[in-house]
Amino acid sequence: MMLKINCIQHIGMPVTDLEVSETFYRKLGFINVMASGFEYREGKGKVAMMRRGEMILELYQMPERELQEIRQRKDGRIDHIAFDVENIEEAFTTLKNASFSIVEAEPVFLPFWNDGCKYFNVLGPDNERLEFNQIL
């Protein structure tokens, strides 16, 4: 299988208070390079991409109704590891044809960054989520 993965693009972490988490990571030298909102079920969440050098952390706060689940986690908060790809449609087709367990029916658009991004997730053998993402 020939799938070009450029690098780890970001690590996604759900947080219970985006402002508190953003302040914490700023103290570690990260800066906010992208902030946006997103729709989830019947609510609105918010996200901040925090960068330090080549590292990017995606901090996201789910709508209030979803936060209880995050607060109850006992074993950490890393939600997914995202790989940067140059062509999301090609990556999707390649992994689908190779019988990977893909969560989404097709790549999903988000209004992040300047022109948006598209992503989809693959489940690993222990149900870990690996996100494939193209910044448009």
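The values are calculated or read from the model by the stated rules, or taken from the named source; none is laboratory data. Fair warning: this is a prediction, and the values are worked out from it, not measured in the lab. When we count neighbours, we look across all protein chains shown, and the Cβ atoms used for this are built from the backbone with ideal geometry, even at glycine.
From LYS4, LYS46, LYS27, which residue is under 18 Å from the mean Cα position of the chain (by Cα) and among the basic types (Lys, Arg)?
When all the criteria are applied, what remains is LYS46.
Do we have PHE83 as closer than 18 Å to PHE132 by Cα, surrounded by 15 or more Cβ atoms within 10 Å (Cβ to Cβ) and at pLDDT 95 or above here?
no
How many of the residues making up the range 57-87 are in a strand (DSSP E or B) and either touching a Leu at 6+ places or on another chain (Cβ under 9 Å) or in contact (Cβ under 8 Å) with a residue 60 or more places away in the chain (or both)?
8
Among residues belonging to the range 88-106 that are outside any helix (DSSP H, G or I) and free of Cβ contacts under 8 Å to residues at least 24 places away in the same chain, point out the one that is farthest from the chain's Cα centre (by Cα).
Ranking the qualifying residues of the range 88-106, first place goes to SER99.
Between ARG51, ARG77, ARG71, which is within 24 Å of GLU128 (Cβ to Cβ) and exposed (fewer than 11 other Cβ atoms within 10 Å of the Cβ)?
Exactly one residue qualifies, and that residue is ARG71.
Restricting attention to the range 105-117, which residues are modelled with pLDDT of 95 or more and closer than 12 Å to ALA82 by Cβ?
Of everything in the range 105-117, just one residue is modelled with pLDDT of 95 or more and closer than 12 Å to ALA82 by Cβ, namely CYS117.
Pick from the range 1-48 the residues that are of a type in the set (S, T, N, Q) and in contact (Cβ under 8 Å) with a residue 24 or more places away in the chain: which of them is surrounded by the most Cβ atoms within 10 Å (Cβ to Cβ)?
GLN9
Could you please tell me which pairs satisfy a Cβ distance under 7 Å, a separation of 6+ or placement on different chains, a first residue in the range 107-132 that is without any contact (Cβ under 8 Å) to a residue 60 or more places away in the chain and closer than 16 Å to ASN6 by Cα, and a second residue that is among the acidic types (Asp, Glu) and surrounded by 15 or more Cβ atoms within 10 Å (Cβ to Cβ)?
Within 7 Å, the pairs are TYR119/GLU131.
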